[in-house]
Amino acid sequence: MTELISVNLQRYFDNKDKYNIRAKEYFNNVYYIQNREAILEKGRLYRVENRRAILEKGRLNRANQPKQKDICICNNNNLTVSFD
């Protein structure tokens, strides 16, 4: 089954490298300079939220794990003790 793509989409795929280079230059030379503070703030907030999500996921995993018993083996009279 052959799929037909629009003329505009075909033109994009033909010139994709040129468009991407132009977009990178625009971002680095214009957009980033104008919106630097907002971009850095959004990145900081993303990292904080991501860190919280990772910590919360770890807490949930630890809460769902069965508790392990500590076992101490003493050589005197072969005594085995278990602490809950």
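Taken together, the values in this text are just the output of simple stated rules run on the coordinates, not laboratory data. Keep in mind the model is a prediction, meaning the values are calculated, not measured. Virtual Cβ from ideal backbone geometry, glycine too; neighbours counted across all protein chains shown.
Summing charges over all other residues whose Cβ lies under 15 Å from the Cβ of N28, with Lys and Arg as +1 and Asp and Glu as -1, gives +2. Stretching the chain fully between Y32 and R59 yields a gain of 6.0 nm (0.36 nm per residue, less the alpha carbon separation).
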